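A quick write-up on the structure given underneath.
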Amino acid sequence: IFLFVKLIFYDYAILIDNKGVSDSLKKSWNMVKGKWWKVFALVLILSVISFVFGFLAGYMFEFPVIGMIIYFLIILIISPWYISSLAFAYLQLRKK
């Protein structure tokens with residue numbers, strides 16, 4: 001969990017700042033330094049929200065096929081929100 005949070009922004013460093021793999025890992029590590037708990041809380045909140053919606057979609061319907069279709073549609077909505085929330089956090093941390 002510690003490494004996941006420390007390195008969560010490596011792909012944003014590659015895409016946004018055009019860094020290489022090792023530079024992006026270093027940048028992510030340094031950006032989270034001193035802010036680990038805040039980034040962890042953000043990831044935890046986003047993950048819990050995603051899990052709850054997915055879990056509810058899977059168990060709300062008596063027929064598994066309908067639940068899977070609803071789950072898929074919810075994931076289509078939540079995934080861009082999750083990714084854009086992390087991108088926004090990356091841009092905010094990059095300013096500091």
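Each residue in region 1-41 was checked for being of a type in the set (Phe, Trp, Tyr) and open to solvent by 70 Å² or more (accessible area, probe 1.4 Å), and 5 of them qualify.
Evaluate the following for LEU44: is it open to solvent by 50 Å² or more (accessible area, probe 1.4 Å), closer than 17 Å to LEU7 by Cβ, among the aliphatic types (A, V, I, L, M) and assigned to a helix (DSSP H, G or I)? Answer is yes for this residue. The C-beta contact set for region 69-96 (first residue within 20 Å of VAL39 (Cβ to Cβ), second residue assigned to a helix (DSSP H, G or I) and of a type in the set (Asp, Glu), distance under 8 angstrom, 6+ apart or interchain) comprises ARG94/ASP17.
Run down ILE78, ILE70, ILE74, ILE49 and say which single residue is modelled with pLDDT under 90 and in contact with a Gly (Cβ under 7 Å, 6 or more places away or on another chain).
ILE74
The values are calculated or read from the model by the stated rules, or taken from the named source; none is laboratory data. Predicted model, so just to flag it, every value in this text is computed and none were measured. When we count neighbours, we look across all protein chains shown, and the Cβ atoms used for this are built from the backbone with ideal geometry, even at glycine. Note: accessible area is taken over every heavy atom of the protein model, side chains too, but ligands, DNA and RNA are not part of it. Shrake-Rupley method; radii C 1.70, N 1.55, O 1.52, S 1.80 Å.
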